[in-house]
Amino acid sequence: MSAAYPASRPRRLRRTPALRALTREHRLSTDDLIWPVFVCEGDGVTQEVPSMPGVIRRSVDLTAEAAAEAHGMGIRAICLFPYTDPSLKSDDCAEAWNPDNLSNRATRAIKRAVPEIAVMTDIALDPYNAQGHDGIVRDGVIVNDESVVALVKMAMAQAEAGADILGPSDMMDGRIGAIRSALEAAGRSDVTIMSYAAKYASAFYGPFRDAVGASGALRGDKKTYQLDFANSDEGLRCVARDLDEGADMVMVKPGLPYLDLCRRVKDTFAVPTYAYQVSGEYAMIRAAAGNGWIDGERAMMESLMAFRRAGCDGVLTYFAPEAASLIRAGWE
């Protein structure tokens, strides 16, 4: 409620940078950023991801160095995604729980180099699946319960490697409860789960699949296990289920096209809520900026603030290092 014009002139509070800062409702901090990083084989190796300008794959040694640099910029968490050699992909996805797979080696290297940073890992079978799906495929069907068994083995290998946050992104039914039960039974009750609780079958994932090498392998689509993008009530039910099964934090994915759901999740459950600014969102901003159609820096920061405004406690974003630099420089 406010007085009528001219007693009320809202522009008074916008007149100077100091006044705008004093009345700003939401703030973006380096504490709010989780940086997704792609890992590849080799030593001293970097590989460009053509569909994600500015994003590279790094070998394990360089990933550990990047994590240390990120921590020095105030970024609190890094999330690992492996680019698995096609020769290691199989129908049973056994490389997913190999203690010495790329993700687990990178986790150990990061924790040796910079133990203070939180390492988040991805739990889904697509980087290891000869058919490119997040679950095991039998006769063209993604089977749920057999996939959950595999996902639990994957989760336990990641926990053993030192992961701080497990990120089940597969959308199989019952996987959060199964992973939480296995962690408890193994005496690893301190390991955190950030569930991709409301992950949608989206057109915005394409560049990511290029980055992890899953695009060429994928047969069909993921609509039988990822959510229908027309449904938000269903997303809330999935969040409620995962919280009931033992998730500590929940994620909405993709991000910007689903800010309505971010707001509903935060308002309904009042739990730590995150969003993933996915590869397609990143690529669109980069492409528009590269063509001179938008101010890329300002569009990046505006997009990140949108997550905070929608109720998110943090965001997974490929922009994390760039955004952290601007934040530390006093960006307004």
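Points to keep in mind about this one:
- Taking region 257-279 as the range and being surrounded by fewer than 20 Cβ atoms within 10 Å (Cβ to Cβ) and of a type outside the set (D, E, K, R) as the test, the residues that pass are Pro257, Leu259, Thr268, Phe269, Ala270, Val271, Pro272.
- Some residue of region 26-41 being exposed (fewer than 15 other Cβ atoms within 10 Å of the Cβ), among the acidic types (Asp, Glu) and within 19 Å of the chain's Cα centre (by Cα): yes
- Residues in region 214-244 that are under 16 Å from Ile123 (Cα atoms) and touching a helix residue (DSSP H, G or I) at 6+ places or on another chain (Cβ under 7 Å): Asp242 only.
Residue-wise test of (1) touching a residue at least 12 places away in the same chain (Cβ under 8 Å); (2) on the phi < 0 side of the Ramachandran plot; (3) part of a loop (DSSP other than H, G, I, E, B).
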residue: Glu116; (1), (2), (3): yes, yes, yes
residue: Asp122; (1), (2), (3): yes, yes, no
residue: Asp126; (1), (2), (3): yes, yes, yes
residue: Ser147; (1), (2), (3): yes, yes, no
residue: Ala150; (1), (2), (3): yes, yes, no
residue: Met154; (1), (2), (3): yes, yes, no
residue: Glu160; (1), (2), (3): yes, yes, no
residue: Met171; (1), (2), (3): yes, no, yes
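- Scanning region 301-323 for residues that are surrounded by fewer than 22 Cβ atoms within 10 Å (Cβ to Cβ) and hydrophobic (A, V, I, L, M, F, W, C) returns Met301, Met305, Ala306.
- Selection within region 126-174 - under 18 Å from the mean Cα position of the chain (by Cα), closer than 22 Å to Ala185 by Cβ and either buried (at least 23 other Cβ atoms within 10 Å of the Cβ) or basic (Lys, Arg) (or both): Leu151, Met154, Ala155, Gln158, Ala163, Leu166, Gly167, Pro168, Asp170, Met172
- Conditions (1) surrounded by fewer than 18 Cβ atoms within 10 Å (Cβ to Cβ); (2) modelled with pLDDT of 95 or more; (3) assigned to a loop (DSSP other than H, G, I, E, B); (4) not acidic (Asp, Glu); number of the one not met by Ala68: (3)
- With respect to (1) in contact with a helix residue (DSSP H, G or I) (Cβ under 7 Å, 6 or more places away or on another chain); (2) over 30 Å from Asp173 (Cα atoms); (3) of a type in the set (Gly, Ala, Ser); (4) buried (at least 17 other Cβ atoms within 10 Å of the Cβ), the lone exception for Ala96 is condition (2).
- Residue under evaluation Tyr128, criteria (1) under 26 Å from Ala113 (Cβ atoms); (2) among the hydroxyl-bearing types (Ser, Thr, Tyr); (3) out of contact with any helix residue (DSSP H, G or I) (no Cβ under 8 Å at 6 or more places or on another chain), criterion not met: (3)
- The numbered conditions (1) part of a helix (DSSP H, G or I); (2) of a type outside the set (Gly, Ala, Ser); (3) within 15 Å of the chain's Cα centre (by Cα) are all true for Lys199 except (1).
- Among residues of region 71-96 that are closer than 19 Å to Ala211 by Cα, those with a Cβ under 8 angstrom from a residue that is among the basic types (Lys, Arg) and buried (at least 23 other Cβ atoms within 10 Å of the Cβ), sequence gap 6+ or separate chain, pair up as Tyr83/Arg57.
- Search result, residues across region 71-99 that are small (Gly, Ala, Ser) and assigned to a helix (DSSP H, G or I): Gly72, Ser87, Ala94, Ala96
The values are calculated or read from the model by the stated rules, or taken from the named source; none is laboratory data. Keep in mind it's a predicted model, so treat the numbers as computed, not measured. All Cβ positions, even for glycine, are placed from backbone atoms using ideal geometry, and neighbour counts span all protein chains on display.
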